[in-house]
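Each remark here refers to the structure printed beneath this line.
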Amino acid sequence: AAAVQRIVDALDSTAGQSQAACERISGIVANLKQFARLDEAEFQPAQVRDGIESALGLLRHQLAGRIEVIREFGELPEIHCAPRQLNQLFMNLLENAVEAIRAAARPGVIRLRTRVEAGAVNIEIEENGIGIPPENLGKIFDPGFTTKGVRVGTGLGLPICYQIVEAHGGRIEVESRLGEGSRFTVTLPMRRSG
């Protein structure tokens, strides 16, 4: 009887932990929506490059003397977007790039490319940081996903990036080689449909 009671107690404990985890995830999603405030975003014509430069300016002290930034900017038209949200998108991606390089403990390079392709604006942020393990690539945009001992892609930064890009009718993709670095590619339509 004591053994059965221990099993019942263990199952009760597991059920409680599962419920707490679900509540935590619900809270994360609510915080994500509140933080991004996409429902209140004002869509207007804006230049993508301004958002990138704004984020780089805010990160200047983290980049100076440690990370070389290479700009390969093509001519871009203004696009219909929520500029504050794009600023947040670029800030999150660049902060992740800085963290990845810091974790790799070598001279860093962030390469930024912009171009127009198939009627959309294409932005690439590539760095020579630690890279992302292949088994994590499909999870990094999931709210609540974390990697113990590796800070790249943790917290709400990448899920917020995903939400912002989705709200613009675009897409975000990542390629990475462990130990060599990662490249995030954001594709945004010139004008959001709907």
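The values are calculated or read from the model by the stated rules, or taken from the named source; none is laboratory data. Not measured: the values here are computed from a predicted model. Heads up, the Cβs are rebuilt from the backbone with ideal geometry, glycines too, and the neighbour counts pull from every protein chain shown. Surface areas here come from the heavy atoms of the whole protein model, side chains and all, with no ligands, DNA or RNA. Shrake-Rupley method; radii C 1.70, N 1.55, O 1.52, S 1.80 Å.
Quick grid of which residues meet (1) part of a helix (DSSP H, G or I); (2) touching a residue at least 24 places away in the same chain (Cβ under 8 Å); (3) not charged (D, E, K, R):
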site	(1), (2), (3)
62	yes, yes, yes
70	no, yes, yes
80	no, yes, yes
85	yes, yes, yes
90	yes, yes, yes
106	no, no, no
110	no, yes, yes
**Message:** Looking for something out of contact with any strand residue (DSSP E or B) (no Cβ under 6 Å at 6 or more places or on another chain), open to solvent by less than 20 Å² (accessible area, probe 1.4 Å) and closer than 24 Å to residue 86 by Cβ - is there at least one such residue anywhere in the stretch 122-140?
**Reply:** yes
**Request:** Would you check if there is a residue in the stretch 86-102 being open to solvent by 20 Å² or more (accessible area, probe 1.4 Å) and modelled with pLDDT under 90?
**Result:** no
**Asked** Here are some conditions: (1) without any contact (Cβ under 8 Å) to a residue 40 or more places away in the chain; (2) of a type outside the set (Ser, Thr, Tyr); (3) part of a helix (DSSP H, G or I). Residue 100 meets all but one. Which one does it not meet?
**Response** (1)
**Request:** With the condition kept exactly as written, say whether any residue in the stretch 45-54 is among the aliphatic types (A, V, I, L, M), closer than 21 Å to residue 141 by Cα, within 20 Å of the chain's Cα centre (by Cα) and at pLDDT 90 or above.
**Result:** yes
**Request:** Could you please find all residues in the stretch 164-182 being open to solvent by 60 Å² or more (accessible area, probe 1.4 Å), of a type outside the set (A, V, I, L, M) and in contact (Cβ under 8 Å) with a residue 12 or more places away in the chain?
**Result:** 171, 173, 177, 180
